[in-house]
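Worksheet: the structure to be examined is printed underneath.
The values are calculated or read from the model by the stated rules, or taken from the named source; none is laboratory data. This is a predicted model, so every value here is computed, not measured. Glycine also receives a Cβ, built like all others from the backbone with ideal geometry; neighbour counts cover every protein chain displayed.
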Amino acid sequence: MINVENIYRAKIRLKDIVEPTPLTYNHNLSEKYQCTVLLKREDLQIVRSYKIRGAYNKMSQLPEEQLKNGITCASAGNHAQGVAYACNQMKVHGHIFMPAVTPQQKISKVKGFGKSYVDVILHGDTFDDAYHRAKIFTEQENKTFIHPFNDEKIIEGQGTVGLEILESCDKTIDYVFAGVGGGGLISGLGSCFRQISPLTKIIGVEPAGAPAMYTSLRQGKVVSLDSIDNFVDGAAVKKVGELTFQLAQEVVDDMLLVNEGRVCTTILQLYNEEGIVVEPAGALAIAALDQYREQIKGKTVVCVVSGSNNDITRTEEIKERSLLYEGLKHYFIIRFPQRPGALREFLNNVLGPQDDITHFEYTKKHNRELGPAIIGVLLQDPGDYEPLLERMNQYNINYQTINDQELLFGLLI
C-alpha cells in the first residue's frame with residue numbers, strides 16, 4: 001500500500017501547481033438515490049483532470065540530468081495534458097505519444113499547455129499502441145518515461161485527491177466511486193482511505209468495453225485484453241499496471257462495469273440538469289450509482305468527476321449511444337412492396353402517434369417486387385417498442401431489426 005505520509009509529501013510538492021478542487025453537494029443525485037452525493041470536481045483542474053497531480057509529483061523528483069535529457073510519455077489525452085503542463089512549468093522538453101484517434105480537442109490542449117516544450121507524436125489506434133511506440137523511442141533516445149499509472153510517484157500524486165476529499169468532508173464517508181483506466185487514481189485514493197478512513201468502501205468503475213482491471217481482479221493476475229472499445233478513451237486500456245493491480249487487490253472493495261450507452265446518458269444528464277461538462281471517463285463514477293442504489297440509501301457517497309476534456313464533435317455520437325441504450329431509438333431494414341402507397345400505409349398503420357422517423361434510406365429498384373429501406377425510429381418511451389413490433393406483424397411488414405446485430409449495425413448505421 002502507498003504510504004499516506006508519501007501522499008502528504010506529494011501534496012506539499014503540488015501546493016503551488018494544483019488548486020484543491022471543491023467537494024460539492026449534488027441535490028438532484030442525492031434526491032434520486034436517497035443519500036448524500038458529493039462530487040469531487042477534478043474536472044475543474046487547470047488541465048481539466050486530476051492527471052497533473054501524478055505527472056508533476058513524478059517529474060519534480062527526477063534528477064537534474066534526467067530532466068536535461070528530456071522525458072516521454074504515452075496517453076489517450078489527460079495524462080498528456082498533465083505532463084505537458086509540467087514540462088512547461090519546469091522548462092523540460094517532452095515527447096508525448098498519443099493514439100491517432102485521440103479527439104482533436106485533447107491534442108490541441110496538450111500543445112497549448114506544453115507550448116514549445118513538447119512534441120506530440122500520434123501513433124496507433126489505442127493507448128497501448130502509443131505506449132509501445134513511446135517505450136521504444138525512450139530507449140533509443142535515452143529519455144525518461146513518465147508512466148501514466150504504473151509508478152509509485154504517479155500514484156502518490158493521484159492519492160492527493162483522497163486527502164482533499166477527507167479534508168473537505170466533515171461527515172463519515174461511506175462510499176467512494178472512482179473511474180478506473182490503468183488504476184493510478186483508485187490505487188492512490190484507495191491507499192489514502194485505507195489508512196485514514198478504513199471503513200469507507202472504495203468502488204472502482206470501468207467501461208464495459210474495456211474491463212482490464214475487472215477481468216484481472218477476477219482472474220487473480222494481470223490480464224491483457226485482446227480488444228477494447230475506445231469510446232471511453234480516458235479509461236480504455238488493454239492492460240493495467242502490475243503495481244496498480246497489486247494495490248487494487250488491497251484497496252478496492254468492488255469493481256463495476258458500466259455500459260458505454262449508460263455513460264452517454266449520464267453525460268447528457270449532467271450537462272442538461274447540472275450544467276457540468278464531463279468527458280466519458282469523467283462520468284463513470286456517477287453512471288455506476290444505479291448498480292448500488294440499495295446499498296447507498298441513507299449513506300454519504302463521493303463520486304470523483306475525473307475529467308472534462310470532451311470534444312464537442314462527439315456530441316451526436318453521445319446522443320445516439322444514449323438513445324440506443326435507453327431503448328428509445330431502433331433501426332430496421334424494411335422491405336416495402338414497390339407499389340404506390342406502401343410507405344403511406346406503413347406511416348398510417350404501423351407508426352405510433354408519438355413515434356418519429358429520424359433516419360430513412362431507400363432506393364427504388366424497378367426490377368424487384370420488394371425494395372429494402374433502412375429506417376430509424378425514435379420512441380418517446382421504451383415501452384412503445386413491443387407495440388410497434390406487434391403492429392408490424394399485424395400488417396405483415398417484412399422487417400429485420402438492426403440494433404441487435406453488431407456487424408450489420410456498424411456497416412449500415
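Here are a few things to note about the model shown:
- Being within 21 Å of Ser191 (Cα to Cα) and either out of contact with any strand residue (DSSP E or B) (no Cβ under 6 Å at 6 or more places or on another chain) or of a type outside the set (Val, Ile, Thr) (or both) is a property that does not hold for Val47.
- Any hit, the stretch 54-75, residues being among the polar types (S, T, N, Q) and within 30 Å of Lys299 (Cβ to Cβ): no
- Inside the stretch 174-199, residues that are farther than 18 Å from Gly307 by Cβ, within 24 Å of the chain's Cα centre (by Cα) and hydrophobic (A, V, I, L, M, F, W, C) make up a count of 2.
- Yes/no for Val237 being in a loop (DSSP other than H, G, I, E, B) and surrounded by 22 or more Cβ atoms within 10 Å (Cβ to Cβ): yes
- Hey, Pro207 crowded, with 23+ Cβ neighbours inside 10 Å, under 17 Å from Val47 (Cβ atoms) and within 22 Å of the chain's Cα centre (by Cα) or not: no
- Scan of the stretch 19-68 for residues that are in a helix (DSSP H, G or I) and farther than 24 Å from Asn150 by Cα, ordered by number: His27, Asn28, Leu29, Ser30, Glu31, Lys32, Tyr33, Leu44
- Matching option when the condition is under 22 Å from His79 (Cα atoms) and surrounded by 21 or more Cβ atoms within 10 Å (Cβ to Cβ), among Ala281, Ala287: Ala281
- Check on Gly184, crowded, with 24+ Cβ neighbours inside 10 Å and modelled with pLDDT of 95 or more: yes
- Residue check, Phe346 in the same structural domain as Leu389 (by TED's automatic domain parsing), surrounded by 17 or more Cβ atoms within 10 Å (Cβ to Cβ) and not in a strand (DSSP E or B): yes
- Which listed residue, of Ile107, Ile46, Ile17, is in the same structural domain as Phe177 (by TED's automatic domain parsing) and free of Cβ contacts under 8 Å to residues at least 40 places away in the same chain: Ile46
- Any chance Ser108 is of a type in the set (Gly, Ala, Ser) and over 27 Å from the mean Cα position of the chain (by Cα): no
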